[in-house]
Amino acid sequence: MQTTSELLSQALWGLGGVLTFLFLFLVVNKATRELRERRAAALRRQLALPILAYVNGRGERLGPLLGHLGRFERSVVEEVLLDNARFLKGTARSRITAACEELGFVPERITQLRHRRWWKRAEAAEKLGTMKSPKAAPELIALMHDGVPEVRMRAARALGQLETRTSIKPLIDALQDPSRWSALRIADIIAGMGNAAADELSESFNTLPIKARVAAVDCLGRAKSQRAPRLLLKLLSDPDRDIRARAAHSLGLIGDPNFTPDLLKCLHDTEWPVRAMAAKALGRLGRPEAVAPLAEALRDQEWWVRINAAEGLKSMGEKGLDALIEALSSEDRFARHAAVATLEGAGVLDRFVEQLASPDEKERETALRFVQKIIAAERTDSLTQSAARHAQEKVREQLSRALKPSEVKP
Amino acid sequence: MRLLVIDWHHLLLRSVVTFNEFVIYYFLALNTVYLILFIVSLFEVVRFVRRTFFSDYQQILKSEMTWPISILVPAFNEEHGIVDTLRSLLQLNYGEFEVVVVNDGSTDATLERLIKAFDLRQTDRVYRRTLPTSEVRGIYASLEVPNLIVVDKEKGGKSDALNTGINISRYPLFCSVDADSVIEENALLRVVKPFMEHPEEMVAVGGIVRIINGCEVRDGRVTRIGLPRRALAVFQVVEYLRAFLSGRIGWSVMRSLLIISGAFGLYKKSDVVAVGGYDSFTDTEDLELVVKLHEHLKRQKLKYRIVFVPDPVCWTEAPEKFKTLLLQRNRWHRGMLQSFRRHWRMLFNPRYGVIGLVALPYFLFFEMLGPFVEVLGYLSVVAAYFLGILNQEFFLLFLLVAIFYGVFLSIAAVLLEEISFRRYPGWEDLARLIWYSIWENIGFRQLLALFKVKAFFDFIRRRRRWGEMGHKGFREPAPASSGGK
Amino acid sequence: MNPFRILIADDDSTIRSFLATLLEDRGYEIHEAPDGEQAYRMAGEVQPDLMLLDLIMPFRDGFDVLQDLKRQDATAHIPIIIMSVKNREEEIVKGFDLGAEDYVVKPFSSLELISRMKRILERSRS
């Protein structure tokens, strides 16, 4: 035990040393950080004025407005420029890009793209994306082959922000390689890049592997492309059900009513996701010829299809609401329930309940018939509540009377 | 006869000495594990800080690919703070999400307050009963706030309430939230990020829970962060820092995260439904769920991930009264034992990978056995002293080393916090954290060990009591004027 | 002629200072509100000629503030331009439905913003 005691003593001293070191490290670290922050904040306040003045139109170049800058000051200037870049577009944003090129920030960061440490490379890619200088494109494209996935992703994202013609192809190529790239994230980037990118995507569609195709279809729904609709319509008959479903969804997003006939065919697809998305899209397009087919879809076996059909009818104006009211007397239980829920959400229920107190007898009758249909559909929670709490006594009276027979449950 | 007496004495001596030696080796092993965990966590936190850029969250917020989330809030007798909680949840920074409150048969004015505050009307919302739950009495919605749903049901317990919420929720991801927690405004963006990065594999994500005692809260939002006044609470702050920053992150990196706090976790609904949702037999349904998920997914040999985002997302109340703390820790420990008993087959089973071979054994030897070893260790020291075989110098040194080491781990956690998230920016706070880190190891930890021993015996005797925390009411307005409310 | 009074409500201090510099340079008088509650209060106190309103703000949602300001007689006349990253159809429609004069999506063009503001301000002065 003697030697162990010695060991323990040494361990004690060792630990004591480590603790003191930790403590000092904490204190020094915190102090330096605070000092640096204060200095940076002061500089930021001072430099913000000339920088923002330039960004908003004063002068041709930023450099002369600032004079000589030390290294720390340069980093603060870069920070201010990038902070403002993220919420701006148009002329102001271009001026920021010009300033970054003029003051040498772009070339510096481009060099940093080849840094040894991966997080430095990632940071450089990130910043270059915000700077939006096309000069960085070739290097960023090269960086898409970096060994570290995080770096590759940043490079891809930065290219997306650059929005240069040359960025598109490498991004579409990335979709080809599902082992290295998350198709979802690349598609997200491409979707934010505008028409040209979406057009190219449509062109290269057939060369993409299946997973990428699914993401690409989503992407085409969001971007405004000329070529996309033709491709999407073709994809409605693709052998893969996910593709068909998403193509239907994307067509709904694009919103051209002329898609209606093709989508109506999809309502009879053997796979339910396709039917569900078709119902959703038809609701968005809003054509009257879709009302009857959607009303039929209320009786579909699959819950999603029914819900989407009901929601679709809700957004189709009076005709759609009428169809839903019709559905209240359907023999199909699920159709009835879907109809009730949707009519409630659309405020139709409230409207008719109010109408129960109308001076016009015809309106009262229509309202009463409506209420009776709801009761027959056995979905009386909301009505029961109104019967108890509605502001107008006449309404409460009528509702309570209507509800009575159904309360006698066998 | 004389021989027998000598044998007893000798036996006692030998056993005490042997046990002491065992304690020493146990201590060494345990602290090595802690050290490894800490180092792994250190690297991960640093890497996380480096990897995370502000623009990421902006992108997630704007992207249409971001998955929508259903926030589930089980509520039982929460009349005091439920409206504030909901108001702040509805203001979370996120694209598309819904809030599903499940009123689990409250006997107070919880439901009434909700109806009044949000002008709720009963609706006949259609939903699928994928998981079995107790009777739902009604579903309420608000025309003004379309993404709020309140479900009124018979009392069935927290697990049952959560399962009901899962049934009614619409979206592919759901987030379980405690009714008395305060969620940070960007929390959803942060915990959804792993899902966006690995959409097919990700199954569950947890975030760091912080202690709200001592913070100023206004309108369901933390306006000023501070350390609690009461010692018991500060000890817990230090403990949470150590447990989360140096513990769970390490486990998360090693793909064997077993605990996602019930106060805040984001899950993929389809996987949770596949394992049958939350269970009622346990006191810690969040732990049980994660263990179940691991078991199921490993057995199916599916590629999956359950990770921890080393980012503070949620603030929760810590017990300030001794008795409440006892009840809470009792429940936690019993819950762990219950899950263990249910899933004992995973132990040492190579089919369950790192979890079966490393994480579960760790829990068995150190988390469960640990308190016993510690308590018995102190007892045996006392025994040794009375038997005259105690090497006092050795014992003292050992004790000091143990304390120093514990302090080292606690301060290291504080350091991790300082270099990464800096939620406690003041100098005074830092000083207090360090001071309490020291004392946490001299008294608080030992106290917790005693609690755990008691919990074990309770578990054997199968006593189950939730215990209600007396709410201190952090939702009082700040001293400065708070405007019309 | 008195300078136009503009109230900028946004929780992001960088945007606030950008807009403040932009507009002060052009001769406007600037007031800033860093959160929803202050935005609501200052609108009543300052009575700006135009308000730039962010949607995502602490303590009170931008839509809430908009709705409340339009309901009150004292502030209903204040023209409000919403400025937000939220760019979905439903949100834009909601903004106009609640009474906003205009809806500018972030990232925005500063020159466009100035033109929109000028049109509204000139109309209100005439």
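The values are calculated or read from the model by the stated rules, or taken from the named source; none is laboratory data. Predicted model, so just to flag it, every value in this text is computed and none were measured. Please note: Cβ atoms are built from the backbone with ideal geometry, for glycine as well, and neighbour counts cover all protein chains shown. Surface accessibility is based on the protein's heavy atoms, side chains included, excluding ligands, DNA and RNA. Shrake-Rupley method; radii C 1.70, N 1.55, O 1.52, S 1.80 Å.
Structure summary
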| quantity | calculated |
| --- | --- |
| Helices (runs of 4 or more DSSP H) within the stretch A:201-266 that include 1 or more residues within 21 Å of A:ILE189 (Cα to Cα) | A:210-222, A:228-235, A:241-254 |
| Tally of residues being within 14 Å of chain A (Cβ to nearest Cβ) and in contact with a helix residue (DSSP H, G or I) (Cβ under 7 Å, 6 or more places away or on another chain) across the stretch C:85-106 | 2 |
| Filtered residue count, the stretch C:73-126, keeping only those that are among the polar types (S, T, N, Q) and within 12 Å of C:GLY62 (Cα to Cα) | 1 |
| Long-range neighbours under 6 Å by Cβ, at least six apart or interchain, first residue within 11 Å of chain A (Cβ to nearest Cβ) within the stretch B:415-435, second open to solvent by less than 30 Å² (accessible area, probe 1.4 Å) and aromatic (Phe, Trp, Tyr) | none |
| Tally of residues being farther than 15 Å from B:ARG50 by Cα, open to solvent by 50 Å² or more (accessible area, probe 1.4 Å) and part of a helix (DSSP H, G or I) across the stretch A:103-138 | 6 |
| Leading residue by the ranking (nearest to the chain's Cα centre (by Cα)) among those in the stretch A:140-194 that are β-branched (Val, Ile, Thr) and outside any helix (DSSP H, G or I) | A:THR164 |
| Members of the stretch C:3-19 found to be at the interface with another protein chain (Cβ under 9 Å from one of its Cβ atoms), touching a residue at least 12 places away in the same chain (Cβ under 8 Å) and surrounded by fewer than 21 Cβ atoms within 10 Å (Cβ to Cβ), listed by number | C:ASP12 |
| Hits in the stretch B:375-430 (condition: outside any helix (DSSP H, G or I), open to solvent by 50 Å² or more (accessible area, probe 1.4 Å) and closer than 23 Å to B:GLN236 by Cβ) | B:ARG422, B:PRO425 |
| Residue tally, condition under 19 Å from the mean Cα position of the chain (by Cα) and over 17 Å from A:HIS268 (Cα atoms), over the stretch A:212-250 | 15 |
| Residue in the stretch B:14-21 that is within 28 Å of B:PHE394 (Cα to Cα), basic (Lys, Arg), in a helix (DSSP H, G or I) and out of contact with any strand residue (DSSP E or B) (no Cβ under 6 Å at 6 or more places or on another chain) present | yes |
| Residue match in the stretch A:285-302 (condition: under 20 Å from A:ALA187 (Cβ atoms), open to solvent by less than 20 Å² (accessible area, probe 1.4 Å), assigned to a helix (DSSP H, G or I) and among the small types (Gly, Ala, Ser)) | no |
| Strands (runs of 3 or more DSSP E) wholly inside the stretch C:27-89 containing at least 3 residues that are farther than 22 Å from B:GLN58 by Cβ | C:29-33 |
| First in the stretch B:83-111 and more than 14 Å from every other protein chain (Cβ to nearest Cβ), second anywhere and assigned to a loop (DSSP other than H, G, I, E, B) and among the aliphatic types (A, V, I, L, M), Cβ under 7 Å, 6 or more apart | B:THR85/B:ALA179 |
| Residue that is most open to solvent (accessible area, probe 1.4 Å) [pool: residues in the stretch B:123-150 that are of a type in the set (A, V, I, L, M, F, W, C) and within 12 Å of another protein chain (Cβ to nearest Cβ)] | B:LEU143 |
| Hits in the stretch A:61-94 (condition: assigned to a helix (DSSP H, G or I), crowded, with 17+ Cβ neighbours inside 10 Å and either in contact with a Phe, Trp or Tyr (Cβ under 6 Å, 6 or more places away or on another chain) or modelled with pLDDT under 90 (or both)) | A:LEU66, A:GLU78, A:ASN84 |
| Number of the exception - B:PHE22 against (1) within 30 Å of B:LYS158 (Cα to Cα); (2) open to solvent by 30 Å² or more (accessible area, probe 1.4 Å); (3) away from chain A (no Cβ under 14 Å) | (1) |
| Neighbours by Cβ (under 8 Å, 6+ apart or cross-chain): first from the stretch A:28-49, under 19 Å from C:LEU19 (Cα atoms) and in a helix (DSSP H, G or I); second at pLDDT below 90 and open to solvent by less than 80 Å² (accessible area, probe 1.4 Å) | A:LEU47/A:LEU66 |
| Leading residue by the ranking (nearest to the other protein chains (Cβ to nearest Cβ)) among those in the stretch C:20-48 that are touching a Leu at 6+ places or on another chain (Cβ under 6 Å) and not aliphatic (A, V, I, L, M) | C:THR21 |
| Within the stretch B:112-121, tally of residues that are closer than 13 Å to B:PRO146 by Cα and either buried (at least 16 other Cβ atoms within 10 Å of the Cβ) or not acidic (Asp, Glu) (or both) | 3 |
| The one condition in (1) open to solvent by less than 20 Å² (accessible area, probe 1.4 Å); (2) at the interface with another protein chain (Cβ under 10 Å from one of its Cβ atoms) that B:LYS62 fails to fulfil | (1) |
| Set A:LEU24, A:LEU19, A:LEU8: member being modelled with pLDDT under 85 and within 14 Å of chain B (Cβ to nearest Cβ) | A:LEU8 |
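Conditions tested, residue by residue: (1) crowded, with 16+ Cβ neighbours inside 10 Å; (2) in contact with a Pro (Cβ under 8 Å, 6 or more places away or on another chain); (3) closer than 24 Å to A:MET316 by Cα.
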site	(1), (2), (3)
A:LEU349	yes, no, yes
A:GLU378	no, no, no
A:ALA387	yes, no, no
A:GLN392	no, no, no
